[in-house]
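The values are calculated or read from the model by the stated rules, or taken from the named source; none is laboratory data. Treat the numbers as computed from the prediction; the structure is a model and nothing was measured. As a convention, Cβ positions derive from the backbone with ideal geometry for all residues, glycine included, and neighbour counts pool all protein chains shown. Side chains included, ligands, DNA and RNA excluded: accessible areas come from the protein's heavy atoms. Shrake-Rupley method; radii C 1.70, N 1.55, O 1.52, S 1.80 Å.
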Amino acid sequence: MTVIEAPAPATRPPPTEPSPTRTPATGTPVTRRSPTGTPAAPAPRNALVRWGRLVALAVGSFLLPWCVLLSVTLPASAHAGHWSLAWTGLDGAEAIAALATAALLTRSDPRASLTAAAGGALLLTDAWFDVCTSAPGPDQWLAVAEAIFVELPLAAAAFWLAARLLRNLR
């Protein structure tokens, strides 16, 4: 007669405290989830991120009251000695951002998201200063039309592209 023995139960290591980043049983990374169930962003761990956050908070906290002070103390108008250089430089920077984005996209380089975002910010800046510095009347109407129909849509497209490229990196 043949006797069949049941296999011995597998022994498990004693339970340990769960790690915030790994499961206790398998040691695999834990995906943190937000209350809505979507994966949450990882907590910042390195010093560079902490210092960057601190500096950004300090700069933003300083600039808000500074804007209020400027709004009540600056004169209504001023003369700019290098007016044409300022506008040529801004438009040149927009062109460089657009061309760099096109070149990076041609090579499927993920850094195209950076140049696209920079180009969008430059376009917003251009629209703002076009409208704010144009003379009342037809010049201002033209500046508003350019902002609404050219610069703001291009800025929105650039930001959309940058966000889309970043999403594809994940």
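Per-residue 3J(HN,Hα) values for region 102-115, derived from phi via the Karplus relation 6.51 cos²θ - 1.76 cosθ + 1.60 with θ = phi - 60°, read 4, 5, 5, 5, 4, 8, 6, 8, x, 5, 4, 5, 5, 5 Hz in sequence order (x marks Gly and Pro).
In a fully extended conformation the segment linking SER84 and LEU63 would gain 4.8 nm over its present Cα-Cα distance, using 0.36 nm per residue. Hey, any idea what % of region 41-145's accessible area is carbon plus sulfur with a 1.4 Å probe? Accessible surface attributable to carbon and sulfur in region 41-145 totals 75 percent. Peptides 156-166, 114-124, 130-140, 58-68, ordered by how many other C-beta atoms sit within 10 Å of their residues on average, highest first, read 114-124, 156-166, 130-140, 58-68.
Extending 7 Å from the Cα toward the beta-carbon at both THR106 and PHE129 defines two label points whose distance is 2.8 nm.
Accessible area per residue of region 106-166 at 1.4 Å probe, in Å²? Spell out each step's value before the answer.
Numbers: 3780 Å² over 61 residues.
I get 62 Å² per residue for this part.
A simple count of charges around ASP130, restricted to other residues whose Cβ falls under 9 Å of its Cβ and scoring Lys, Arg +1 and Asp, Glu -1, yields -3.
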